[in-house]
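Below is one structure, written out as structure tokens, with a few remarks after it.
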């Protein structure tokens, strides 16, 4: 054997040996995979070919008190295009007709879409956005368009579906209904959405799927499969018509006075149901939207509306009565080194305690409280706390502002604290907390908890109902309640609210004008106020209570509560009781005409021309019912006093001018 042949043979043995060793190593690895790590790799293989998919539950709807939708979940679709997967023949054949159909639906020219598709084809774009946020019906139309009707592989159509929360009534009541948090889709923290998220959300399901060709997944049988449970529906206490009235009345006033922000709440006196709640804040452009829930969350110094609480405390503690004369001086008086002023130039002089509240004298109220409680200020604070004024309402809506009612020993307490609190400073309340107290006055002393929902439903079946919840069965004596009710009527008839008085409709309430941000160094050059009005209507047998708060109105146009907030209250009150009862009874007149075109002050003079059917006046004050019916052309005969308990002609009946109707009052 030659040396050359021997070298070749050695190389052969070497290669054969290496291959043999490699084969042994492969065999060892296979044995290791099969028997040692077999379970691990089997689980890994299973994991890569099967997966648990989350099946989202359907979020429940939110309804108004009459069943109208306030919030619901709807599917939205984004349409994209894979320009690579479509064959050249299909692309050339269908792109012109597809572009034409898209042009009809989306508005842009056919040539725009043709150029868009060709550019995507050239750039091999596999995820071209064609349309965003399509509704279900438009999505179905797009699926039937040329090329797209060939499906995702031949037609290149890619569909992205997501569920969004929509408010069918638009931006009205948006803050109280609640919105999805942008940063956390599917999460809700504010409004009814946040308060009752656990009920509305439901429970997600789970389904096992197996991966098949082309990245698709198909369901497989799994005994542990969990079906989703849809969320419950919520029936709120919000009334669409009252909400609309309140929203637009507030908006109109904010725009006129160029105010920073404001809110309105309307509450059912007997039940505490919130019928309307509007919160509007100003943008840099001067427009308004539902910015924050001021009604629930914003604590502020209430100003003169708190004088009612102060006088009630003094009456309840028997330190004074309404006929006692108080010297309010000439409009200026010094308390502990600090001068207090009345808004009326020259002051009111010597007036009765009742008159102090009617004209909203700061000096008068500070004098009453200081003289009655200066030796024992804690007694005053204890009485106020007995009214529940230091307690949060405990409502389910998140973000309720905490009331602040300082007493002796508190960091906010000083010698001036007592007279300051007397007329509404040095303490803080939210609009809803203030309204809840006034609502108790209207409700003859029974304080009820504000309520936002009445029922929880599942598939039209009642799951849970929410009844009236009493916070305090009697906030004070019957005598004190009657005295305060009488004074609140006179505030409108002859006090600070006399500009709001109407012979056609009775109201009771209190004006409020409070300085705000007065601690800032620029206040004298740029004075800022909070204007408010809170009360109830009708004055006899009240049905609704209402509060209107407007922050920082233009000083040039006015800032007193009677001028800024009072008209909003009056507008809401009169429209609720003179327009809404006829919406359901007069079918030939459109609701929009009634709510918008018919000015509330002209309602009575227009009634006989606009309406041909008898309204339901049962429960209305006799004075209001007579004015309404006489202006409709009817002759009215009254039997008794008080509110209407019976009417001789049934509501909804047609009538002729000159017909007589008998009203029984009780």
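Annotations
- The lone exception for residue 339 - which of (1) touching a residue at least 40 places away in the same chain (Cβ under 8 Å); (2) under 42 Å from the mean Cα position of the chain (by Cα) it fails: (1)
- 2 or more residues under 25 Å from residue 529 (Cα atoms) and assigned by TED's automatic domain parsing to the domain that holds residue 518: qualifying strands (runs of 3 or more DSSP E) within segment 224-334: 261-268, 274-282
- Of everything listed in (1) surrounded by fewer than 17 Cβ atoms within 10 Å (Cβ to Cβ); (2) farther than 30 Å from residue 276 by Cα; (3) touching a strand residue (DSSP E or B) at 6+ places or on another chain (Cβ under 8 Å), the single unmet condition for residue 128 is (1).
- If you go through segment 65-87 and pick out every residue that is touching a helix residue (DSSP H, G or I) at 6+ places or on another chain (Cβ under 7 Å) and either under 25 Å from residue 137 (Cβ atoms) or assigned to a strand (DSSP E or B) (or both), you end up with 7.
- Looking only at segment 629-666, and only at residues there that are more than 20 Å from residue 578 (Cβ to Cβ), within 40 Å of the chain's Cα centre (by Cα) and modelled with pLDDT under 85, the one that is surrounded by the fewest Cβ atoms within 10 Å (Cβ to Cβ): 641
- Of all the criteria given as (1) over 41 Å from the mean Cα position of the chain (by Cα); (2) surrounded by 19 or more Cβ atoms within 10 Å (Cβ to Cβ), the one not satisfied by residue 369 is (1).
- At least 2 residues being over 25 Å from residue 315 (Cβ atoms) is the threshold, and among the strands (runs of 3 or more DSSP E) wholly inside segment 419-490 those reaching it are 453-458, 461-465.
- Exclusive hit being out of contact with any strand residue (DSSP E or B) (no Cβ under 7 Å at 6 or more places or on another chain) and buried (at least 21 other Cβ atoms within 10 Å of the Cβ), set 400, 358: 358
- Which listed residue is touching a residue at least 60 places away in the same chain (Cβ under 8 Å) and over 23 Å from residue 478 (Cβ atoms), from 347, 303: 303
The values are calculated or read from the model by the stated rules, or taken from the named source; none is laboratory data. All figures in this text were calculated on a predicted structure; none of them were measured in a lab. So basically every Cβ, Gly included, is an ideal-geometry build from the backbone, and we count neighbours across all protein chains shown.
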